[in-house]
Amino acid sequence: MNRDSNFNQLVVPPSQRDHYQGMLNAPIILVEYGNYQCLQFREMHQLIQAIVQDFNSRLNQKNSICVVFRHFIEHSIYPQAQKAAETAEAAAAQGQFWQMHEMLLTHQQALGNGYLVEYANDLGLDICQFLQDISKKVHVDRINQDIASGHQSGVGTAPALFINGIRYCERWNMEQLMAAIIAVSNEVL
């Protein structure tokens with residue numbers, strides 16, 4: 001195996017520390033690297049959600065695909081992404097990661113501090129705890145671990161997607177992504 005092929009492999013496997021929907025032992029595991037300010041990540045995430053829904057209804061199995069999200073922030077390109085990631089992690093500490101994840105992606109154009117607090121309030125989070133987590137940067141190490149795991153796997157920019165540990169590098173459209181997932185599913189199902 002040459003050095004370049006290592007950069008198409010997911011180095012840090014999905015685990016309980018990740019944010020995921022589905023089961024980690026699902027036959028198909030999609031690992032998304034992205035951030036809340038990246039428009040292409042929102043499009044990719046929406047595409048994956050539609051595919052998962054379609055795929056699960058076709059197979060009539062709810063747990064055939066697991067979707068894992070990991071932060072990947074390029075600070076110079078996405079200046080508000082760090083605070084948004086910290087917001088998602090502060091929500092996760094209160095059991096509301098995926099709700100905040102969707103809220104941040106839905107309101108991608110409004111990620112200023114005031115909006116982030118408003119989203120936390122809308123989700124019914126404990127605002128004192130939320131603000132304390134943000135001000136003390138409680139979740140920065142976890143975010144940095146995600147970014148480091150992306151770098152280890154050759155991710156240089158968001159979004160990035162791995163299907164069962166292999167980097168997906170084709171076009172971001174429903175047909176091609178679905179074909180790639182079906183190809184993997186035929187190997188494992």
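The table that follows gives values for the structure above.
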{"quantity": "Ranked packing of 167-175, 132-140, 38-46, most packed first, by mean Cβ within 10 Å", "calculated": "38-46, 132-140, 167-175"}
{"quantity": "Radius of gyration and maximum dimension Dmax of the range 22-96, Cα, Å", "calculated": "14.2, 43"}
{"quantity": "Charge tally in the Cβ shell below 14 Å around TYR115, where Lys, Arg are +1 and Asp, Glu are -1, TYR115 excluded", "calculated": "-2"}
{"quantity": "With 5 Å bins from 0: P(r) over the chain, alpha-carbon pairs, percent", "calculated": "1, 8, 17, 20, 20, 15, 10, 6, 2, 1, 0"}
{"quantity": "Under 13 Å, Cβ to Cβ, from ILE73 - net charge with Lys/Arg +1 and Asp/Glu -1", "calculated": "-1"}
{"quantity": "Cut-off 12 Å (backbone N to label point 7 Å along Cα→Cβ of ALA183), residues of the range 49-93", "calculated": "none"}
{"quantity": "Considering only the range 9-85, percent of DSSP beta bridges that pair antiparallel, nearest 5", "calculated": "30"}
{"quantity": "For the chain, calculated [θ]222 nm from helices alone, where every DSSP H run of n ≥ 4 adds -39500 (n - 2.57)", "calculated": "-15500 deg cm²/dmol"}
{"quantity": "Packing-based order for 149-156, 63-70, 29-36, using average beta carbon neighbours within 10 Å, highest first", "calculated": "29-36, 63-70, 149-156"}
{"quantity": "Surface share of carbon and sulfur [accessible, 1.4 angstrom probe, percent] for the range 8-159", "calculated": "50"}
{"quantity": "Mean separation of Cα contacts under 8 Å, 6 or more apart, over the residue count of the range 67-189: relative contact order %", "calculated": "28"}
{"quantity": "Average accessible area per residue (Å²) across the chain - probe 1.4 Å, nucleic acids and ligands excluded", "calculated": "50"}
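The values are calculated or read from the model by the stated rules, or taken from the named source; none is laboratory data. Since the structure is predicted, the reported quantities are computational estimates derived from the model, not experimental observations. Neighbour counts are summed over all protein chains in view; Cβ atoms, including those assigned to glycine, are modelled from backbone coordinates with ideal geometry. With ligands, DNA and RNA removed, areas are computed over all heavy atoms of the protein, side chains included. Shrake-Rupley method; radii C 1.70, N 1.55, O 1.52, S 1.80 Å.
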